Amino acid sequence: MNSDLVLLESDGPLRTLRLNAPERRNALDLDLLGDLATAIATVKADADARALIVAGAGPAFCAGANLESMFGDVTRPVHELRAHLKSVYASFLGLRELTIPTVAAVQGAAVGAGLNIALACDIVIAGPRAAFGPTFAEIGLHPGGGCSFLLTERMGPAHATAALLSGDIIKAEDAVRLGLANLLAEDPEARATELAARYAKRSKALNADIKRSVRIAATSDFPTSLDFESWAQASSVGSEEFGRYMEDFLKR
């Protein structure tokens, strides 16, 4: 699939989803969000996709939302605006529903809703000029699009509260230190591709179960986590990959 605003590129088992409006720093409007939702759905339905890289064309990852397009008539009742916003959020939060590994390559600004797109991925790679902007409060706006949850998940409540209250831009090195980003790389897309290729060599079921296991561990008690792990590990014992490893191991 290729559209003007979102490109979906294929390379063997790897897929790259690229926001493609560099003249406006990949700022989100309803057209781009619609294409983004379609691209994510395409990846979800693609049985041959084993890992996804999310990137932005040009110097920015995503400068956030075009506010006029995003909110429309701001005089509407709160319940109407809320319903509209939840549909907007759904257009990119589908990234969290993917069972394959997802890696965001953030080479420049990732602000507001653009930050959310990066945080919706499993792994965030920051380039030296990456800048992460939870800037909602600076314009008098409550965080949206899952930002409160996603930042808390990565940074913990104390750092997330500080980041959202300040609305300051978080530079790449600080983002890694705080846990907002996983790694710092000179060429974030190249590093994201290396990682995605490594993940793609593994069983799709194993990757999916690892992602599910971590979600369970983050939201449940230890016995619930252990219960799922015991099932998932027992299931993986019969995999071809583990079988080959055991054959080699027994030959030593």
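Taken together, the values in this text are just the output of simple stated rules run on the coordinates, not laboratory data. Everything numeric here is computed off the predicted structure, so don't read it as measured data. With ideal geometry, Cβ positions are generated from the backbone for all residues, glycine too; neighbour counts draw on all protein chains shown.
Could you work out how far apart the two model spin labels at residue 9 and residue 129 are, taking each label as a point 7 Å from the Cα in the direction of the beta carbon, and quote it in nm?
Between residue 9 and residue 129, the label points sit 1.8 nm apart.
For residue 54, list long-range residues whose amide hydrogen, built 1.01 Å from N in the peptide plane, is under 5 Å from its own amide hydrogen.
Here the answer is 17, 103, 104, 105, since their amide H atoms fall under 5 Å of that of residue 54.
Each residue of segment 58-67 in turn: what ³J(HN,Hα) in whole Hz from Karplus with 6.51, -1.76, 1.60 and θ = phi - 60°, glycine and Pro shown as x?
x, x, 10, 6, 6, 7, x, 9, 6, 5
Please determine, in degrees from 0 to 90 and to the nearest 10, the orientation of helix 30-45 with respect to the longest principal axis defined by the Cα atoms of the chain, where the helix direction is its Cα long axis.
10
Sequence-distant or interchain residues sharing an amide H contact under 5 Å with residue 6, placed H: which?
So residue 6 has HN proximity to 20.
Once you've got the GNM for the chain with C-alpha springs shorter than 10 Å, pick whichever of 67, 115, 28 has the biggest mean-square fluctuation.
The residue that fluctuates most here is 67.
Could you give each residue of segment 107-122 its phi-based ³J(HN,Hα) in whole Hz, using Karplus coefficients 6.51, -1.76, 1.60 with θ = phi - 60°, and x for Gly or Pro?
My calculation for segment 107-122 gives 8, x, 5, 10, 10, x, 4, x, 4, 4, 4, 5, 5, 6, 8, 5 Hz in order.
How much mean residue ellipticity at 222 nm does the chain get from its helices, if each DSSP H run of length 4 or more adds -39500 (n - 2.57) and you divide by all residues, to the nearest 500 deg cm²/dmol?
Rounded to the nearest 500, it is -15500 deg cm²/dmol.
For a quick check, take a GNM of the chain with Cα springs below 10 Å and name the residue from 234, 45, 110 with the largest mean-square fluctuation.
234
Once both labels are modelled 7 Å past Cα along the beta-carbon direction, what's the residue 250-residue 208 spacing in nm?
My value for the distance between the label points is 2.9 nm.
Quick query: amide H of residue 170 versus all other amide H atoms, modeled in the peptide plane; which residues come in under 5 Å with a sequence gap of 5 or more or a different chain?
Residues meeting the criterion, in which the H sits 1.01 Å from N, are 132, 133.
Could you check the spin-label model distance between residue 67 and residue 38? Points 7 Å from the Cα along Cα→Cβ, value in nm.
For residue 67 paired with residue 38, the spin-label model returns 2.9 nm.
May I ask you to order 134-144, 240-250 by the average number of other C-beta atoms within 10 Å around their residues, highest value first?
134-144, 240-250
Hey, which of these cross-link pairs are over 30 Å Cα-Cα: 86/211; 171/201; 86/201; 44/86?
Correct reply: 171/201; 86/201.
Calculate the dipole size of the chain relative to its Cα centre from +1 charges on Lys and Arg beta carbons and -1 charges on Asp and Glu beta carbons; express the result in debye to the nearest 20.
In debye, rounded to 20, the chain gives about 400.
Shape of segment 32-152 from its Cα gyration tensor (a ≥ b ≥ c, root eigenvalues): rounded if a/c is under 1.5, otherwise prolate when a/b > b/c, or oblate?
On the way: a/c = 1.98, a/b = 1.30, b/c = 1.52.
Oblate, because a/c is 1.5 or more while a/b does not exceed b/c.
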